[in-house]
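Q: Please find one structure pasted underneath; my questions will follow.
The values are calculated or read from the model by the stated rules, or taken from the named source; none is laboratory data. Remember, it's a predicted structure, so these values are computed and weren't measured experimentally. Cβ placement follows ideal geometry from the backbone for every residue including glycine, while neighbour counts extend to all protein chains displayed.
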Amino acid sequence: MSELVKHPVHKLLYRKQFFKYLTKGATHMKKLGCFHAHHSNIQYIEEALKGTGIELVHFVDPGLTYRAKDRDFTVEDVQNKIHHTIHWIETSGVDAILITCTFFTAHLCQNDLSSSIPVIKIDTPLFHELCKKEEPQILLFTNPDTVEGTMNELEKFADEHHKKINVKPVLLEGTFELIMRGEEVEYRKQVEEKLALYVQRKENYSLAVAQLSLASIAQSVNSRILNPLTPLCHHIEKTLNEDRHKV
């Protein structure tokens, strides 16, 4: 054994150098902070990003959607709370933030958001896909509080990208309160039935679902129904890789 290893200080340096040799060329595992409004979204993201090598850290704030219904809680209050939480997540050491709630994304003012890491909206990859078609499309929702905001964001996105779209929002009424009460089995059953009816009509439009809670249900009913998860994985990996190259 060499003298370099025998000396305590040199031994530590030797180990550090040997570790660098072993890990030379190895890629740092990227960490994604996921901001949810409901705990049920965790399983969807975990399943979708399984095998990507991305470490997921989940943050859930179900109280904000309830508080937003209070008359004394303004839109500005909602936006400030979302921005505050995003900044708090940023300090946890993640490489990017994914916002999985369409209510949150609809109230996120990115012009006023100063973040040193990428902030990914769940519906941005979906908007890209919707804007590829000019024929009629139906975008299905279960959460009534996200319809107007999401459609406004979609129209703004289309204008910014100089795209013509023909997207009609449709609310599957009486379903969202089920998942908020934890009745996920009944929620899935009712949504499946309603989606199947739209598929059976075979009318001249494409179908898409706006929310993460609808993604796996849509896939089971008909693989042609566009859902947020389909384009999301590629978008996340691309964003994290681009961020890595900047470092």
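Q: Can you tell me which residue within the stretch 151-174, out of those that are among the basic types (Lys, Arg) and more than 21 Å from residue 121 (Cβ to Cβ), is surrounded by the most Cβ atoms within 10 Å (Cβ to Cβ)?
A: Once the filter is applied, the top-ranked residue is 168.
Q: Okay, moving on. Which one of these is among the acidic types (Asp, Glu), out of contact with any Phe, Trp or Tyr (no Cβ under 6 Å at 6 or more places or on another chain) and over 25 Å from residue 216 (Cβ atoms): 61, 77?
A: 77
Q: Another one. Would you confirm whether or not the stretch 40-57 contains a residue that is surrounded by 15 or more Cβ atoms within 10 Å (Cβ to Cβ), part of a strand (DSSP E or B) and touching a residue at least 24 places away in the same chain (Cβ under 8 Å)?
A: Yes, the stretch 40-57 has at least one match.
Q: Name the pairs: first residue in the stretch 124-136 and of a type in the set (D, E, K, R), second residue buried (at least 18 other Cβ atoms within 10 Å of the Cβ) and in a helix (DSSP H, G or I), Cβ to Cβ under 8 Å, at least 6 apart or on different chains?
A: Taking only residues 6 or more apart or on different chains, the pairs are 129/230.
Q: Which pairs have Cβ atoms under 8 Å, sit 6 or more apart or on different chains, and link a residue in the stretch 144-160 that is in the same structural domain as residue 101 (by TED's automatic domain parsing) and without any contact (Cβ under 8 Å) to a residue 40 or more places away in the chain to one that is among the aromatic types (Phe, Trp, Tyr) and surrounded by fewer than 11 Cβ atoms within 10 Å (Cβ to Cβ)?
A: From residues that are in the same structural domain as residue 101 (by TED's automatic domain parsing) and without any contact (Cβ under 8 Å) to a residue 40 or more places away in the chain, there are no pairs.
Q: Among the listed residues 213, 223, which satisfies the condition of being small (Gly, Ala, Ser) and more than 30 Å from residue 95 (Cβ to Cβ)?
A: Result: 223 is the single residue among 213, 223 that is small (Gly, Ala, Ser) and more than 30 Å from residue 95 (Cβ to Cβ).
Q: If I filter the stretch 77-91 for residues that are of a type in the set (Asp, Glu), in a helix (DSSP H, G or I) and touching a residue at least 12 places away in the same chain (Cβ under 8 Å), do I get at least one hit?
A: Scanning the stretch 77-91, I find at least one residue that is of a type in the set (Asp, Glu), in a helix (DSSP H, G or I) and touching a residue at least 12 places away in the same chain (Cβ under 8 Å), so the answer is yes.
Q: Here is a check on your reading of the model: is residue 120 among the hydrophobic types (A, V, I, L, M, F, W, C) and closer than 15 Å to residue 37 by Cβ?
A: So residue 120 does not fit the description; no.
Q: Then there is this: Inside the stretch 217-238, can you point out the residues that are in a helix (DSSP H, G or I), modelled with pLDDT of 90 or more and polar (S, T, N, Q)?
A: Residues satisfying the conditions are 219, 220.
Q: Say we look at the stretch 196-216 and pick out the residues that are within 21 Å of residue 101 (Cβ to Cβ) and assigned to a helix (DSSP H, G or I); which of these is nearest to the chain's Cα centre (by Cα)?
A: Looking at the filtered set, the residue picked out is 212.
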